[in-house]
Amino acid sequence: QVQLVESGGGLVQAGDSLRLSCAASGRVLSDYIMGWFRQAPGKGREFVAAIKWSGGTYYANSIQARFTLSRDNPKNTVYLQMNSLEPEDSAVYFCGTVRDRYLSPRLYSSDSSYDYWGQGTQVTVSS
């Protein structure tokens, strides 16, 4: 199996930055797709960003270029740098893994595409 552990969340003020980490362990292959989703209270799980271990990145239009996704393959870790945070960004942030490297990028934004999930890390942004 694959285990995913998110970290880096916290309580910040509007305009601040946070860097979230997702560390993967277990049977992790370098070509697994990694994605970030977020879920606010009473809302569904919303796509944020995804990265192929071969390099390609994909972002939700809603983040408006404020977030940047990166990777460190030797550490099996991906990072989500979040800048100019707004109260609307408050949510539990989850990372997930897609094993099928041939999955169409059109499906990266669907949470049903992901095979494994971490436990989530809370991000709270005050105004």
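Side notes on the structure shown:
- The distance between label points at ARG27 and SER126 comes to 4.6 nm (points 7 Å beyond Cα on the Cα→Cβ vector).
- Sulfur and carbon atoms: percent of accessible area, the chain [1.4 Å]: 46
- In the chain, a dipole from Cβ-located charges (positive for Lys and Arg, negative for Asp and Glu) runs towards its positive end, and of LEU69, LEU29, TYR79 it is LEU29 whose Cα lies farthest in that direction.
- Cα-Cα separations in the chain greater than 24 Å, expressed as whole percent: 20
- Of the chymotrypsin sites (Phe, Trp or Tyr not before Pro) found in the stretch 40-127, the ones in coil according to DSSP and having at most 11 other Cβ atoms within 10 Å of their Cβ are TYR102.
- The calculated FRET efficiency for the pair ARG19 and ASN61, based on their C-beta separation and a Förster distance of 25 Å, comes to about 0.70.
- When the alpha carbon coordinates of the stretch 33-82 are projected onto the principal axes, the ranges are 37, 19, 16 Å, largest first.
- Put THR77, THR57 in order of accessible area, highest first, and with a 1.4 Å probe you get THR57, THR77.
The values are calculated or read from the model by the stated rules, or taken from the named source; none is laboratory data. Since this is a predicted model, take the numbers as computed values, not measurements. Glycine also receives a Cβ, built like all others from the backbone with ideal geometry; neighbour counts cover every protein chain displayed. With ligands, DNA and RNA removed, areas are computed over all heavy atoms of the protein, side chains included. Shrake-Rupley method; radii C 1.70, N 1.55, O 1.52, S 1.80 Å.
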